[in-house]
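Participant: I have a structure here, written as structure tokens, and I will follow up with some questions on it.
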Amino acid sequence: MTARYHLILDPELQDELRELHARAQADPNGVDAKQFEAARVALSALREGREAEFAGERLGRSDDHPDLRDCAEIKIPVVEEFNRRGRPMGPSHRVTYREFEGPTGSSLPVRQVVAFAPRKNGEIFDVTANRLGRSKGVALDELDHLPTVRPITGPGKEPDRLIGPPRMALPPDLAQSFKALEGLDPPTGTPPTTTNHPPAPRRQTPNRGPSQGK
């Protein structure tokens, strides 16, 4: 399908996927191979704007959660999980991301993929908050213009809950990373750091946002 967004991966996520890819190659039938394939599916969905197909929804904040109002998630099945009654619990993993304007008026918008982790015990949200420099219970002033979505699971969710993240201005560090990668082709077999671009060098630093968080 046609790409609708450029993707930039958080360097820590990129390193995780490199390691996952190596383990998947060593054991193509193992759990790591399944996780790596799930990550590839998720990245393709985000690049092609198909988040609605993966139960995408915008994240929020509360006094018990970090401020992730500028983020959204998609839900990715990797392993089967069941509750105490033996009923399926739905997709086991999540991918979190943010969205920004393109570096130029003619560029595709940019999505920064922050984390890929299990939903169990809120691990995905802890990882996302850590990579963005957010803290539990601390609201970010720069996100106060965004609607507050209450983190919740189950039937209590709003029926009109937003699917994608708000589109923000592209931060200078992500713009620089994007410019440095322009015109290069991705190697085969590894997730791209940007659409039609190779993984970024490990020295690059992600946009981690303010040191405080929700």
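The values are calculated or read from the model by the stated rules, or taken from the named source; none is laboratory data. Just so it is clear, the structure is predicted and the values come from calculations on it, not from any experiment. A quick note on method: Cβ atoms are made from the backbone with ideal geometry, for glycine too, and the neighbour counts reach across all protein chains shown. Quick note on the areas: whole protein, heavy atoms, side chains included, nothing else; ligands and nucleic acids left out. Shrake-Rupley method; radii C 1.70, N 1.55, O 1.52, S 1.80 Å.
Participant: How many residues are touching a Ser or Thr at 6+ places or on another chain (Cβ under 7 Å) and of a type in the set (Val, Ile, Thr) when one looks only at region 103-146?
Facilitator: Of the residues in region 103-146, 3 are touching a Ser or Thr at 6+ places or on another chain (Cβ under 7 Å) and of a type in the set (Val, Ile, Thr).
Participant: Which of the residues that make up region 66-107 are free of Cβ contacts under 8 Å to residues at least 40 places away in the same chain and of a type in the set (Asp, Glu)? Give the steps one after another, and end with the answer.
Facilitator: As a first pass, look at region 66-107 and keep what is free of Cβ contacts under 8 Å to residues at least 40 places away in the same chain: 74, 77, 80-92, 94, 96, 104-106.
Answer for region 66-107, where residues must be free of Cβ contacts under 8 Å to residues at least 40 places away in the same chain and of a type in the set (Asp, Glu): Glu80, Glu81.
Participant: Within region 160-183, does at least one residue satisfy the condition of being modelled with pLDDT under 50, surrounded by 19 or more Cβ atoms within 10 Å (Cβ to Cβ) and farther than 25 Å from Arg61 by Cβ?
Facilitator: So the first thing to find is which residues in region 160-183 are modelled with pLDDT under 50, and the list is 183.
Next, from what is left, pick out any that are surrounded by 19 or more Cβ atoms within 10 Å (Cβ to Cβ): none.
No, region 160-183 has no match at all.
Participant: Condition check: farther than 21 Å from Asp173 by Cβ, within 16 Å of the chain's Cα centre (by Cα) and open to solvent by 20 Å² or more (accessible area, probe 1.4 Å). Does Val41 satisfy that?
Facilitator: Values: farther than 21 Å from Asp173 by Cβ: yes; within 16 Å of the chain's Cα centre (by Cα): yes; open to solvent by 20 Å² or more (accessible area, probe 1.4 Å): yes.
So Val41 fits the description; yes.
Participant: Tally up the residues in region 26-38 that are farther than 22 Å from Leu7 by Cβ and open to solvent by less than 50 Å² (accessible area, probe 1.4 Å), please.
Facilitator: Looking only at that region, the number is 1.
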